[in-house]
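> Let me begin by handing over the structure; questions about it come next.
The values are calculated or read from the model by the stated rules, or taken from the named source; none is laboratory data. Remember, predicted model here, so these are calculated numbers, not experimental data. Cβ atoms come from the backbone with ideal geometry, glycine included; neighbour counts cover every protein chain shown. Side chains are part of the model used for accessible areas, which takes the heavy atoms of the whole protein and leaves out ligands, DNA and RNA. Shrake-Rupley method; radii C 1.70, N 1.55, O 1.52, S 1.80 Å.
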Amino acid sequence: MKRKKMFILIVLSAIILTACNSSKFKAETDWEVESFSHESQRGEEVSLENLKGKVWLTTFIFTNCETICPPMTMNMTMVQDELIELGVTDYKIVAFSVDPEVDTPEIMADFLAKFNPPDESKWELLSGYDPEYMEQFARDSFKALVKNDPSSNQVVHGQSFYLVDQKGVVVKSYNGYLEVPKEEIASDMQALIEQGK
């Protein structure tokens with residue numbers, strides 16, 4: 001009889017725990033971001049190591065982009081508006097330049113200022129590496145394409161935003177250009193932060 005009661009108690013505990021965890025954020029991917037250390041728009045070194053412990057939202061852009069980068073950057077500022085509305089504060093927004101030979105810290109800072117982000121201190125626009133490195137880094141860490149267009153000064157790259165957890169693992173991606181799920185992204189970031197506490 002004791003064993004039966006113990007078994008029922010264990011089963012009920014498992015059901016309760018499952019129910020409690022059902023509202024937690026669930027990862028859709030498990031791509032690990034490879035180690036990096038690059039210069040930000042403030043001239044500071046930003047590395048995977050010093051981002052660990054924080055949830056971050058990231059993408060690939062460049063300042064001379066004539067197509068998707070300006071609207072993607074504006075969309076990212078609107079995600080930040082949603083985060084502020086939710087009261088979320090412990091996060092970073094990271095953008096890797098796909099045109100690092102042009103995108104110096106000063107140029108990146110000027111580019112970001114055009115979009116008037118609600119809290120610039122949360123943004124890290126990174127550059128200071130070889131274009132070939134970024135092709136490999138985007139492919140290996142984010143399953144993303146980055147490729148120079150030999151017929152122009154443009155760089156071919158994706159339009160996704162990626163959600164990275166406190167351990168440096170990509171857990172979800174979103175369309176960052178059209179019909180961007182800004183509220184969902186902010187809500188997922190909040191859930192991931194809560195889950196890590």
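> Between helix 182-195 and the chain, what is the angle of the helix's C-alpha long axis to the longest principal axis, kept within 0 to 90° and rounded to the nearest 10?
50 degrees
> Here's something else I'd like to know. Is the shape of the stretch 29-72 best called rounded, prolate or oblate, per the rule: a/c under 1.5 gives rounded, else a/b larger than b/c gives prolate, else oblate, with a ≥ b ≥ c the square roots of the Cα gyration tensor eigenvalues?
oblate
> Based on the Cβ-Cβ distance of ILE84 and LEU178, what FRET efficiency does E = 1/(1 + (r/R0)^6) give at R0 = 30 Å, to the nearest 0.05? Please report the intermediate quantities before stating the final value.
Working: r = 23 Å, r/R0 = 0.77.
Computed FRET efficiency for ILE84 and LEU178: 0.80.
> Roughly speaking, to the nearest percent, how much of the stretch 79-197's 1.4 Å accessible area is carbon and sulfur?
The computed percentage sits at 47.
> Using only Cα atoms and rounding to the nearest 10 degrees, what angle (0 to 90) does helix 131-142 make with the longest principal axis of the chain?
Rounded to the nearest ten degrees, it is 20.
> Are there any trypsin sites (Lys or Arg not before Pro) in the stretch 136-169 that are in a DSSP loop and have at most 14 other Cβ atoms within 10 Å? List them by number.
In loop regions of the stretch 136-169 (DSSP not H, G, I, E or B), the sparsely surrounded trypsin sites (Lys or Arg not before Pro) are LYS143, LYS167.
> Turning to a different aspect of this structure: Straight-line reach from LYS197: which aspartates and glutamates fall under 13 Å, measuring Cα to Cα and dropping same-chain residues less than 8 apart?
Hits, sequence-local ones excluded: ASP90, ASP165.
> First measure r as the distance between the Cβ atoms of THR67 and SER47, then evaluate 1/(1 + (r/R0)^6) with R0 = 45 Å and state the FRET efficiency to the nearest 0.05.
Details: r = 30 Å, r/R0 = 0.67.
Efficiency, from the Cβ-Cβ distance: 0.90.
> Based on the Kirkwood radius over alpha-carbon pairs, what is the Stokes-Einstein translational diffusion coefficient of the stretch 122-197 at 4 °C with 1.567 mPa s viscosity, in µm²/s?
Values: Rh = 14.4 Å.
Answer from the Stokes-Einstein relation: 90 µm²/s.
> log₁₀ I(q)/I(0) of the stretch 58-157 at q = 0.10 Å⁻¹, via Debye over equal Cα point scatterers, no solvent, to two decimals?
Each listed q corresponds, in turn, to -0.27.
> Once the Cα atoms of helix 69-86 and of the chain are each reduced to a long axis, what angle between those two axes, in degrees from 0 to 90 to the nearest 10, is obtained?
It works out to around 40 degrees.
> Under a crude label model (7 Å from the Cα following the beta-carbon direction), how far is ASN153 from GLU132 in nanometres?
The answer from the label model is 2.4 nm.
> Whose amide H sits under 5 Å from the amide H of LEU126, counting only residues 5 or more places off or on another chain, with H placed in the peptide plane?
So LEU126 has HN proximity to ALA95, PHE96, SER97.
> Amide H of TRP31 versus every other amide H placed in the peptide plane: which residues, excluding those fewer than 5 positions away on the same chain, fall under 5 Å?
VAL170
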